[in-house]
Amino acid sequence: MQVAEDLDAGSVLALKGELGSGKTVFTKGLVTGLGCRAVATSPTFTIVHEYQGGRLPIYHFDFFRLENRGSTDRLGLDDYFFGDGVCVIEWADRFPDLVPAHAQWIFFEIKSERQRIITLLDHRDEASGA
């Protein structure tokens, strides 16, 4: 699966899955796939990490520790979502109304200790269960 090849400026990937299901590992591969040499890590405590130097900048968000919508308003999400790079949002399902309609949702499921199931969807309505 070559997700990075299909991404353009303004692409948004909304990741949903339980803790340990592979969201950050996927993002590490995406960063590498876009030609960036940075080592991607979970932005749990910083909320967003920015990776430059590849084909496109990558903005890696983690909504896990955000407590309410007010805490997301200070991030200036529209500047990222409609900007020059690719946005990856871990725990996007915590605030699905903030995720742009054009986002590609990706579900992560734990099949076993060493196996994951990854499902890609294109429509927010399908992904959020609406």
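FYI, it's all coordinate maths here, none of it is from the lab. Predicted model, so just to flag it, every value in this text is computed and none were measured. Here the Cβ positions follow ideal geometry from the backbone for every residue, glycine too, while neighbour counts run over all protein chains shown.
Excluding same-chain residues fewer than 8 positions from LYS23, which aspartates and glutamates have a Cα within less than 15 Å of its Cα?
Reachable aspartates and glutamates: ASP62, GLU90, ASP93, GLU109, GLU113.
Mind listing which GluC sites (Glu not before Pro) in segment 88-117 are in a DSSP loop and have 15 or fewer other Cβ atoms within 10 Å? Before the final figure, lay out the partial values.
Numbers: sites: GLU90, GLU109, GLU113; in loops: GLU113.
Hits after loop and neighbour filter: GLU113.
Treating only the Cβ atoms of Lys and Arg (+1) and Asp and Glu (-1) as charged, compute the dipole magnitude of the chain about its Cα centre; round to the nearest 20 debye.
Roughly 500 debye, rounded to the nearest 20.
Loop only per DSSP, at most 14 neighbouring Cβ atoms within 10 Å: give me the chymotrypsin sites (Phe, Trp or Tyr not before Pro) in segment 1-110, ordered by residue number. If you can, show how the numbers build up before the last one.
Working: sites: PHE26, PHE45, TYR51, TYR59, PHE61, PHE63, PHE64, TYR80, PHE81, PHE82, TRP91, TRP105, PHE107, PHE108; in loops: PHE45, PHE63, PHE64, PHE82, TRP91.
Filter output for segment 1-110: PHE45, PHE82.
Quick one: if you stick a label point 7 Å off each Cα along the C-beta vector at VAL39 and ARG74, how many nm between them?
Computed distance between label sites VAL39 and ARG74 equals 2.9 nm.
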